[in-house]
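K.L.:
Just dropping this structure here.
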Amino acid sequence: MTQENTSLVIPELIVGLGNPESKYDRTRHNIGFEVVDLLARFWQLAWQPNGRFHGLFAEGIAPGGKKIRLLKPLTYMNRSGQSVRAVIDWYKLDPESVLVIYDDMDLPLGRLRLRLSGSAGGHNGMKSIISHLGSQNFPRLRVGIGKSNGKVETISHVLGRFSPQEAPIVSEVLNLAVKAVETSLKEGIAKAMSLYNNRSVAPLPPSVTQKEPLITDN
């Protein structure tokens, strides 16, 4: 699979990054888990513990009629690559067919960013995956969680939960992420990039009385 044929980059394995244990549920760092949980629910796929893959695994048919596999590594974030490597070795997948979904502090809450390749950007889960795959040429979907406000240390921010005011934005951006993934399965990563990288879920100004956040094109 070549970068020139970007329209043909279609995921076969979708990995959501996060940490196991209930204390990490719905924290900012676990938003990758939340996206793949939503995909599994929408696509009616059942999670199964898989010791070989060191994680929770689901497979079935995704929109568009294609076989798809979902993975939630249970190795803790900084060893995510061990789990991903086990799956691609077992199914003999190319790294380019793996879409990794994870949190990004450099993106504001409400924004998504799809890329065909790139560095880890300081993210420990991505560092591990790049190391285990020996490549950074695989697609990724970054979900913005915003930076700490200065009063909150970075670790506390990342491992903290979203505020009640942020919850409607999180809900909308999760749905937006699902749409981006479904587009990538039907039309390729490049098409999904063109449609969703400039979309933004923004809170409504106080003067607007609607309860739902706005989705805008920037």
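K.L.:
State all residues of the stretch 44-79 that are open to solvent by 80 Å² or more (accessible area, probe 1.4 Å) and among the hydrophobic types (A, V, I, L, M, F, W, C); if no residue qualifies, say none.
P.N.:
Passing the criteria: only ILE61.
K.L.:
Let me ask something additional. Quick one: in the stretch 25-43, of everything that is open to solvent by 40 Å² or more (accessible area, probe 1.4 Å) and in contact (Cβ under 8 Å) with a residue 12 or more places away in the chain, which residue is farthest from the chain's Cα centre (by Cα)? It would help to see each step written out before you state the result.
P.N.:
Of the stretch 25-43, the ones open to solvent by 40 Å² or more (accessible area, probe 1.4 Å) are 25-26, 37, 41-42.
Filter once more, so that each one left must be in contact (Cβ under 8 Å) with a residue 12 or more places away in the chain: 26, 37, 42.
Numbers: ARG26: 14, ASP37: 10, PHE42: 15 Å.
Restricting to residues being open to solvent by 40 Å² or more (accessible area, probe 1.4 Å) and in contact (Cβ under 8 Å) with a residue 12 or more places away in the chain, the top hit is PHE42.
K.L.:
Given the condition β-branched (Val, Ile, Thr), open to solvent by 20 Å² or more (accessible area, probe 1.4 Å) and touching a Ser or Thr at 6+ places or on another chain (Cβ under 9 Å), answer yes or no: does some residue in the stretch 172-192 qualify?
P.N.:
No; the residues of the stretch 172-192 include none that is β-branched (Val, Ile, Thr), open to solvent by 20 Å² or more (accessible area, probe 1.4 Å) and touching a Ser or Thr at 6+ places or on another chain (Cβ under 9 Å).
K.L.:
So which residues in the stretch 80-107 are open to solvent by 40 Å² or more (accessible area, probe 1.4 Å) and in contact (Cβ under 8 Å) with a residue 40 or more places away in the chain, if there are any at all?
P.N.:
We begin by selecting, within the stretch 80-107, every residue open to solvent by 40 Å² or more (accessible area, probe 1.4 Å); these are 82, 85, 89-92, 94, 96, 105-106.
Passing the criteria: GLN82, ARG85, TYR91, ASP94, GLU96, MET105, ASP106.
K.L.:
Which members of the stretch 184-198 meet the condition of being part of a helix (DSSP H, G or I) and either of a type in the set (Gly, Ala, Ser) or within 21 Å of GLU172 (Cα to Cα) (or both)?
P.N.:
Going residue by residue through the stretch 184-198, those that are part of a helix (DSSP H, G or I) are 184-187, 189-196.
Once the filter is applied, which keeps residues that are part of a helix (DSSP H, G or I) and either of a type in the set (Gly, Ala, Ser) or within 21 Å of GLU172 (Cα to Cα) (or both), the stretch 184-198 yields SER184, LEU185, ILE189, ALA190, LYS191, ALA192, MET193, SER194, LEU195, TYR196.
K.L.:
Taking the options ALA180, ALA167, ALA190, name whichever one is farther than 17 Å from LYS147 by Cβ and within 13 Å of the chain's Cα centre (by Cα). First the steps, then the outcome.
P.N.:
On the way: ALA167 fails: within 13 Å of the chain's Cα centre (by Cα); ALA190 fails: within 13 Å of the chain's Cα centre (by Cα).
Exactly one of ALA180, ALA167, ALA190 is farther than 17 Å from LYS147 by Cβ and within 13 Å of the chain's Cα centre (by Cα), namely ALA180.
K.L.:
A further question on this structure: For the list (1) of a type outside the set (A, V, I, L, M, F, W, C); (2) surrounded by 15 or more Cβ atoms within 10 Å (Cβ to Cβ); (3) in contact (Cβ under 8 Å) with a residue 60 or more places away in the chain; (4) within 21 Å of ILE10 (Cα to Cα), I need the number of the one condition that GLY125 fails.
P.N.:
(4)
K.L.:
How many residues are in a loop (DSSP other than H, G, I, E, B) and within 16 Å of GLY18 (Cβ to Cβ) if we restrict to the stretch 41-56?
P.N.:
Just the residues of the stretch 41-56 that are in a loop (DSSP other than H, G, I, E, B), to begin with: 44-47, 51-54.
Okay, now just the ones that are also within 16 Å of GLY18 (Cβ to Cβ), so 47, 53-54.
Here the count works out to 3.
K.L.:
Tell me, please, whether a residue that is among the basic types (Lys, Arg) and either surrounded by 18 or more Cβ atoms within 10 Å (Cβ to Cβ) or without any contact (Cβ under 8 Å) to a residue 24 or more places away in the chain (or both) can be found in the stretch 155-169.
P.N.:
no
Residue by residue, here is whether (1) among the hydrophobic types (A, V, I, L, M, F, W, C); (2) closer than 21 Å to PHE138 by Cα holds:
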position	(1), (2)
ILE10	yes, yes
GLY16	no, yes
GLU21	no, no
TYR24	no, no
THR27	no, no
GLU34	no, yes
LEU39	yes, yes
PHE42	yes, no
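The values are calculated or read from the model by the stated rules, or taken from the named source; none is laboratory data. The structure displayed is predicted, hence computed values, not measured ones. In this analysis, Cβ positions are derived from the backbone assuming ideal geometry, glycine residues included, and neighbour counts consider all displayed protein chains. Please note that ligands, DNA and RNA were not included when accessible areas were found on the heavy atoms of the full protein model with its side chains. Shrake-Rupley method; radii C 1.70, N 1.55, O 1.52, S 1.80 Å.
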